[in-house]
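First the structure, in the form of structure tokens, and then the observations on it.
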Amino acid sequence: MNWLTRLVPARIRTRTGTTSKRVPEGLWANCPECKAVLYRTELEHNLEVCPRCGHHMRIGARARLNAFLDPEPRQEIGADTEAVDVHRFKDTKRYRDRLTGTQKATGERDALVVYQGALMGHGLVAAAFEFRFMGGSMGSVVGERFARGAQVCLDNGLPMVCFSASGGARMQEGLLSLLQMAKTSAMLARLGEARLPFISVLTDPTTGGVSASLAMLGDVIIAEPNALIGFAGPRVIEQTVREVLPPGFQRSEFL
């Protein structure tokens with residue numbers, strides 16, 4: 001027994017040949033706002049809202065709709081639609097390869113999930129963006145699913161709610177993605193003519209073509225606390241105006 005062995009108490013010595021137990025991955029999460037270490041299960045039960053500081057973390061489209069809608073009845077709208085690489089677009093990888101990889105990673109076919117369902121027994125159509133799917137970008141499928149959801153509202157006299165979380169139009173689809181801004185706006189105009197309410201919920205982040213179209217056309221617009229909302233990002237604006245933006249610029253409280 002050397003001097004170090006005599007110095008260290010027996011209760012904290014590590015036995016030779018034993019291995020320490022590893023903590024399972026994904027068991028804990030860090031709040032990006034207050035830096036608190038949170039138990040993942042507790043965070044999920046709290047709908048991804050930090051119990052310490054109230055920070056709203058990003059949440060998946062289906063998880064959000066599952067928490068929002070009544071369990072029954074539910075009918076998904078536009079689940080059969082799928083993006084097509086019309087332009088054979090390629091940047092660092094081909095668009096169709098990027099789609100395939102993202103579909104496998106997220107389990108979604110595209111960036112918008114739409115359901116006809118009920119909230120506390122009242123019928124409605126609810127849509128939610130999946131930001132993990134190519135930044136929640138709006139392409140032809142997103143526009144089509146949104147339009148189909150709005151048409152269900154028109155056919156059945158239902159209100160519509162949309163939770164936005166998007167970086168904007170999908171560049172890989174070019175002009176087709178920009179056309180979705182007009183398409184979704186036109187459908188919302190028809191809802192307005194039919195006097196059917198559209199409630200827009202802005203979550204972090206809501207930017208680009210989505211913020212310039214459907215997200216800002218709600219009869220009622222609600223935003224999560226501290227959500228990034230705008231057209232161009234803060235860094236782009238700073239580079240353009242060559243000024244440092246004030247704290248909280250483009251956050252929901254600033255608007």
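The values are calculated or read from the model by the stated rules, or taken from the named source; none is laboratory data. In this text, all values refer to a predicted model and were calculated from it rather than measured experimentally. All Cβ positions, even for glycine, are placed from backbone atoms using ideal geometry, and neighbour counts span all protein chains on display.
Out of the residues in segment 93-118 meeting the condition of being in contact with a helix residue (DSSP H, G or I) (Cβ under 9 Å, 6 or more places away or on another chain) and surrounded by fewer than 17 Cβ atoms within 10 Å (Cβ to Cβ), tell me which one is nearest to Phe133 (Cα to Cα). My answer is Gly107. Looking only at segment 148-160, decide whether some residue is surrounded by 21 or more Cβ atoms within 10 Å (Cβ to Cβ), under 16 Å from the mean Cα position of the chain (by Cα) and at pLDDT 95 or above. No: zero hits.
Selection of first residues in segment 34-51 that are more than 19 Å from Pro225 (Cα to Cα) and exposed (fewer than 14 other Cβ atoms within 10 Å of the Cβ) and of second residues that are of a type in the set (A, V, I, L, M) and at pLDDT below 95, restricted to Cβ pairs under 7 Å at least 6 apart or on distinct chains, gives the following pairs, ordered by first then second residue: Arg40/Leu27; Arg40/Ala29. The set of residues in segment 225-255 that are surrounded by 13 or more Cβ atoms within 10 Å (Cβ to Cβ), assigned to a helix (DSSP H, G or I) and β-branched (Val, Ile, Thr) contains only Ile237. Remark: pairs (first residue in segment 244-255, in contact (Cβ under 8 Å) with a residue 40 or more places away in the chain; second residue among the small types (Gly, Ala, Ser) and not in a loop (DSSP other than H, G, I, E, B); Cβ separation under 8 Å; 6+ apart in sequence or on different chains) = Ser252/Ala223.
Farther than 26 Å from Leu178 by Cα and within 15 Å of the chain's Cα centre (by Cα): does that describe His122? Here the answer is no, as His122 does not meet what is asked.
Of the residues making up segment 162-212, those that are in a helix (DSSP H, G or I), more than 22 Å from Ile77 (Cα to Cα) and in contact with a Phe, Trp or Tyr (Cβ under 7 Å, 6 or more places away or on another chain) are Gln172, Gly208, Ser211.
Quick check on segment 205-224. Is at least one of its residues more than 19 Å from the chain's Cα centre (by Cα), modelled with pLDDT of 95 or more and either crowded, with 24+ Cβ neighbours inside 10 Å or in the same structural domain as Gly78 (by TED's automatic domain parsing) (or both)? The answer is yes; a qualifying residue exists.
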